[in-house]
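The values are calculated or read from the model by the stated rules, or taken from the named source; none is laboratory data. These numbers come from a predicted model, not from an experiment. Note: ideal-geometry Cβ built from the backbone for every residue, glycine included; neighbour counts use all protein chains shown. With ligands, DNA and RNA removed, areas are computed over all heavy atoms of the protein, side chains included. Shrake-Rupley method; radii C 1.70, N 1.55, O 1.52, S 1.80 Å.
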Amino acid sequence: MRTDLPTQMLRFAMLLDHWRLERPFVIAHDIGGAVALGTHLMRGRDYSSLYLWNVVTLDPWGSPFFRLVANHSDVFAALPAPLHTALVSEYIAGAAHQRLDRDTVAMLAEPWVSDEGQPAFYRQIAQLHPEHTRPIVDALPRVRCATSIGWGQQDPWIPVEQAYRLKQLLPGQSNVITLPGVGHLSPLEAPSLVQQALDAWLAST
């Protein structure tokens, strides 16, 4: 199954069409930001407003581990299951600034530790490439909806300065919120602060 960015953009466009959503309010996190922006800019789907949280869009993106896996996905897919589970769990935990509790890490890792999930985890990493996000970055000045940006100030994967770079590239006046003491997983690390930001966003739009 293809999981590259152009395929995810196509599937999101098809999902919006299936649900008959013509101008939805969209919240996107991580690679979902590139999917949402690409579906809007490359697939012609319109949004009422778009909220981007710690999104993968601007270069550079992808941790050293991400790039290592992308170059050796077959080797990692063949790891013994206990080693794979430990690796995935540590990878996920490392996205947060404060240590996540064991149950939360297990919940996030669960889809990737089955017989089908293990190769899928490495396959989806191998199929994501920065060259797929660069046309989206070039098209950012053509975004047709209001945008807001949220970011964890201590994001270990995508530095917070990208929030401000993104604001400069987007048209209009994007609102930027940064959360102190929060890493890449803002909705899990600071759910009440994220909820407050989203409530204010929806109330204003």
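Over the stretch 110-158, what percent of the accessible surface lies on carbon and sulfur atoms, probe 1.4 Å?
Percent of accessible area from carbon and sulfur atoms in the stretch 110-158: 50.
Can you give me the C-alpha center-to-center distance between the stretch 21-99 and the stretch 150-199, rounded to a whole angstrom?
15 Å
Arrange the peptides 141-154, 168-181 so that the one whose residues have, on average, the most other Cβ atoms within 10 Å appears first.
The densest-packed peptide leads the list: 141-154, 168-181.
Counting Lys +1, Arg +1, Asp -1, Glu -1, what net charge surrounds residue 178 among other residues with beta carbon under 15 Å of its beta carbon?
Net charge around residue 178: -1.
Could you tell me whether the stretch 120-205 comes out rounded, prolate or oblate from its Cα gyration tensor? Rule is a ≥ b ≥ c as square roots of the eigenvalues, rounded for a/c under 1.5, then prolate if a/b exceeds b/c, otherwise oblate.
Here the stretch 120-205 falls in the oblate category.
What accessible area per residue, rounded to a whole number of Å², is obtained for the stretch 89-205 using a probe radius of 1.4 Å?
Accessible surface, normalised per residue, equals 53 Å².
Which of (i) 58, 46, 27; (ii) 49, 35, 31; (iii) 56, 33, 32 is the computed Cα extents along the principal axes in Å for the structure on display?
Here the calculated entry is (ii).
Using label points projected 7 Å from each Cα along Cα→Cβ, tell me how many nm separate residue 14 and residue 169, to one decimal.
With each label placed 7 Å out from Cα toward Cβ, I get 2.8 nm.
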